[in-house]
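The values are calculated or read from the model by the stated rules, or taken from the named source; none is laboratory data. As the structure is a prediction and not an experimental result, all values here were calculated from the model. Here the Cβ positions follow ideal geometry from the backbone for every residue, glycine too, while neighbour counts run over all protein chains shown.
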Amino acid sequence: MRVITSTVVDGKIEIPSASLEDGIKVAILAPDAGQPIELSPAEQQELTLAMDEIRRGDFVDGADLLEEIRSRDTG
């Protein structure tokens, strides 16, 4: 997974020079105007723990996971 920040210009999201592949699914998280994104203490802790796992390399790459799922379907 990649995290890319961008800017909305004239109602459209401008992606920085790092391009995305055609057809890729994206998720957009946008707070209401003037409102911060707020997480509960439990959500903050869960996010912090997940980020720590990723920093340690303890995660499954999405492409690898999909390949494993596909191989189970054909096996």
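Number of residues in segment 32-63 that are among the acidic types (Asp, Glu) and surrounded by 10 or more Cβ atoms within 10 Å (Cβ to Cβ): the value is 4.
Comparison of Ile28, Ile69 shows that the only residue that is of a type outside the set (Ser, Thr, Tyr) and modelled with pLDDT under 80 is Ile28. Residue count for segment 64-75, restricted to those that are outside any helix (DSSP H, G or I) and surrounded by 10 or more Cβ atoms within 10 Å (Cβ to Cβ): 0.
Within segment 1-19, the set of residues being closer than 26 Å to Leu65 by Cβ, modelled with pLDDT under 75 and not small (Gly, Ala, Ser) comprises Met1, Arg2, Val3, Ile4, Thr5. Out of all the residues in segment 9-22, which are surrounded by 10 or more Cβ atoms within 10 Å (Cβ to Cβ) and assigned to a loop (DSSP other than H, G, I, E, B)? Ile15, Leu20, listed by residue number.
For segment 23-60, a residue qualifies if it is over 25 Å from Thr7 (Cβ atoms), assigned to a loop (DSSP other than H, G, I, E, B) and not basic (Lys, Arg), and the qualifying residues are Ser40, Gly57, Asp58, Phe59, Val60. The residue pairs whose first member lies in segment 54-75 and is under 19 Å from Ile24 (Cβ atoms), whose second member is part of a helix (DSSP H, G or I), and whose beta carbons are closer than 9 Å, counting only pairs six or more residues apart or on different chains, are Phe59/Ala50; Phe59/Glu53; Val60/Glu68.
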